[in-house]
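So the structure is just underneath, and the comments pick up after that.
The values are calculated or read from the model by the stated rules, or taken from the named source; none is laboratory data. Bear in mind the structure is a predicted one, so any value in this text is a computation, not a measurement. Heads up, the Cβs are rebuilt from the backbone with ideal geometry, glycines too, and the neighbour counts pull from every protein chain shown.
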Amino acid sequence: MSNYISHDHEHDGIDRRGFLKCMAWAGTGVLWTISGGVLVSKTLAEVAKTGSSLPTATDLSFLQISDSHIGFNKAANKDVTETFKIALDRINAMPTPPSFLIHTGDITQLSKPEEFDTFDQILKSCRTKDVFYVPGEHDVLNDGGKMYRERYLKNVQGKGSGWYSFNKNGVHFIGLVNVLDLQAGGLGQLGDEQLEWLENDVKGLGGDTPIVVFAHIPLWTVYPQWGWGTSDSERALGYLKRFGSVTVLNGHIHQVLQKVEGNVTFHTAMSTAFPQPAPGTAPSPGPLTVPAEKLRSMLGLTSVQYKQGTTALAVVDTTLS
Amino acid sequence: MNTLISKIKIAAVLCGISGFSVLALAGEMKDTGTDGAGQNKIEIKDFAFNPQTITVKSGEKITWINRDEEPHTVVSVEKQFKKSPALDTDQEFTVVAGSPGTYSYFCSVHPKMTGTIVVKQ
């Protein structure tokens, strides 16, 4: 395969062929990146070395971290605080710091106050101070999310069980909660009240407003046998159909999976704590124990870049190895 | 009497610590002591209740033990008995079977996990 670029619609040095090559990398779990034609593929380590920022001209960049599971101490990772710290070190090493962070849930393993405390303490080392959260099921285990909301929704106008939206650089961000009031036999769930709020929230927005939706459990059906999906996500996506660019960022499954459907890009992030098996490859979705030297290659974070005038956001995954 | 009486015991087996509390959804509380413990064990492993359906006699204990590295809960679908707290690895949860009937339950953290208790006279 030659390396010349035959089609470069976005003038970003990437064409379909380059994109497909990156897709091939995905299988190795090293690095991959994608988004409807706009694609950036540099590891954060490379960026640190060359001193260049990820995209050459960017209006907005933010980072997604997920599934830190502070308090977990089993074989799959005996020191999740250490790997979380490494993730923050990577963020701090970026020559152009991200505008803010998004944490897509499972901050803690067991919703314990001391686990939240440890997380907050470690996070103080991060140069980027603005963080937006959505809860994972591990953060709302015993109190319906009360403690989570008291700690992590101070800077937003949280509605209902904690959903909200905000605008940054012309991009509309929507944080959804799909880990509460789950029904026996079912999947993740948003519920009527949240869906009605969502419908109203986007009503006044022009179709050319880029939308970023983030929630813990995937808003697409990844693998229902393991509960990896959200039962009423179709209705939510229905309200977003008219928008030209929708990026959906999820966690929960501790691995990078991605799908493009029309104008919607679905993407799941790696955990900073431990990997989980690929769908259907193990008896259960429980923590996956890999050889110690391999662990950090299966943990990571996600960088998202938005350049005004482009059709989609660029999503870049980087491992901790 | 049409009440379900439950007793909950969470034991941190590895630490050798055991907490103890008695909960009842409706009606009077009843402490049956520890006799017969272990008769009706449900193991939680690989995100499943095993056995998925258990048949017990009214008054007998039912004990779940979590063998996963993931927390799980035991929650009555019809809210017929008090839900368990999140059970970490090797933690147990015990209820005492009340009135005869069929009780469906699930894990509220992983709702795909479901089970059934059939209580006979």
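Summary of values
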quantity	calculated
Which listed residue is over 25 Å from A:ASP139 (Cα atoms) and either surrounded by fewer than 20 Cβ atoms within 10 Å (Cβ to Cβ) or within 14 Å of another protein chain (Cβ to nearest Cβ) (or both), from A:ASP181, A:ASP232, A:ASP201	A:ASP201
Residue identified as of a type in the set (Gly, Ala, Ser), out of contact with any Asp or Glu (no Cβ under 9 Å at 6 or more places or on another chain) and crowded, with 16+ Cβ neighbours inside 10 Å among A:ALA93, A:ALA87	A:ALA87
Any hit, segment A:204-214, residues being within 13 Å of chain B (Cβ to nearest Cβ) and either under 22 Å from A:VAL315 (Cβ atoms) or in contact (Cβ under 8 Å) with a residue 60 or more places away in the chain (or both)	no
Which numbered condition B:GLU92 misses (of (1) modelled with pLDDT under 95; (2) buried (at least 19 other Cβ atoms within 10 Å of the Cβ))	(1)
Which numbered condition A:GLU150 misses (of (1) more than 14 Å from chain B (Cβ to nearest Cβ); (2) touching a Lys or Arg at 6+ places or on another chain (Cβ under 9 Å); (3) exposed (fewer than 15 other Cβ atoms within 10 Å of the Cβ))	(2)
So A:ILE107, is it in contact with an Asp or Glu (Cβ under 6 Å, 6 or more places away or on another chain) and modelled with pLDDT of 95 or more	yes
When residues of segment B:89-121 are limited to those that are under 30 Å from A:PRO218 (Cβ atoms) and assigned to a strand (DSSP E or B), the one nearest to the other protein chains (Cβ to nearest Cβ)	B:PHE106
Residues that are touching a residue at least 40 places away in the same chain (Cβ under 8 Å) and surrounded by fewer than 21 Cβ atoms within 10 Å (Cβ to Cβ), drawn from segment B:66-81	B:LYS79, B:GLN80
